[in-house]
Amino acid sequence: MKLRIPPPLVAAVIALLMWLASRAAPAAAFVLPAGRLIPACVALAGVAIALAGVVAFRRVRTTVNPLQPEKASTLVTSGIYHLTRNPMYLGMLLVLLAWALMLSNAVAVIIVPTFILYMNRFQIGPEETALASAFGAAYVQYNSRVRRWL
């Protein structure tokens with residue numbers, strides 16, 4: 001892969017940008033009904049989805065290192081991977097959405113899709129190329145059956 005920026009670092013940078021944007025645009029603040037309950041539930045769902053992805057990889061003893069997808073020893077298609085090809089990234093996305101809701105700022109919410117755009121272009125695309133090369137037709141079939149995000 002060309003870029004070697006760990007996805008959690010990408011998420012952290014985007015979270016920082018969301019915080020800075022919310023401070024720079026206080027007029028975009030909103031009141032969220034139920035206060036912190038909704039962000040907490042969204043964050044909890046994100047963490048659970050990401051952990052389910054890690055557990056599925058650990059069960060078959062394949063790498064969870066997103067910077068070296070070519071080292072994957074097994075194509076994981078069961079469990080959470082039956083619903084999404086990228087549960088760890090989906091989990092990070094949900095945590096970012098929870099953060100935006102916690103900040104209660106429309107500008108922060110608008111920044112959330114930046115994570116999807118970045119990940120699709122610079123992380124998931126190269127991963128898919130490496131996995132197609134490693135697993136051939138099995139990966140192509142899986143790719144056509146299961147969505148990238150949800």
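Some observations on this one:
- Subset tally (residues that are of a type outside the set (D, E, K, R) and assigned to a loop (DSSP other than H, G, I, E, B)) for segment 64-91: 15
- Answer residue from segment 116-150, given it is among the aromatic types (Phe, Trp, Tyr) and farther than 19 Å from residue 62 by Cα and is modelled with the lowest pLDDT among those: 122
- Among the residues listed as 150, 117, the single one being in a helix (DSSP H, G or I) and either aliphatic (A, V, I, L, M) or surrounded by fewer than 18 Cβ atoms within 10 Å (Cβ to Cβ) (or both): 117
- When the criteria are applied in full, residue 132 meets the requirement of being without any contact (Cβ under 8 Å) to a residue 60 or more places away in the chain and either under 22 Å from residue 5 (Cβ atoms) or in a helix (DSSP H, G or I) (or both).
- If you filter segment 5-42 down to residues that are small (Gly, Ala, Ser) and farther than 13 Å from residue 103 by Cα, you find that the one that is modelled with the lowest pLDDT is 34.
- Picking from residues in segment 43-65 that are touching a residue at least 24 places away in the same chain (Cβ under 8 Å) and crowded, with 16+ Cβ neighbours inside 10 Å, the one that is farthest from residue 84 (Cα to Cα) is 43.
- Of the criteria (1) of a type in the set (A, V, I, L, M); (2) surrounded by fewer than 14 Cβ atoms within 10 Å (Cβ to Cβ); (3) touching a residue at least 12 places away in the same chain (Cβ under 8 Å), which one residue 14 fails: (2)
- Any hit, segment 22-29, residues being under 18 Å from residue 146 (Cβ atoms) and either more than 16 Å from the chain's Cα centre (by Cα) or in a loop (DSSP other than H, G, I, E, B) (or both): no
- Scope segment 90-110; condition farther than 13 Å from residue 43 by Cα, under 18 Å from the mean Cα position of the chain (by Cα) and surrounded by 22 or more Cβ atoms within 10 Å (Cβ to Cβ); matching residues: 108
- Residue in segment 96-103 that is touching a helix residue (DSSP H, G or I) at 6+ places or on another chain (Cβ under 9 Å), without any contact (Cβ under 8 Å) to a residue 12 or more places away in the chain and either part of a helix (DSSP H, G or I) or of a type in the set (S, T, N, Q) (or both) present: no
The values are calculated or read from the model by the stated rules, or taken from the named source; none is laboratory data. Given the structure is predicted, the values throughout are model-derived calculations rather than measurements. We place every Cβ from the backbone using ideal geometry, glycine too, and count neighbours over all the protein chains shown.
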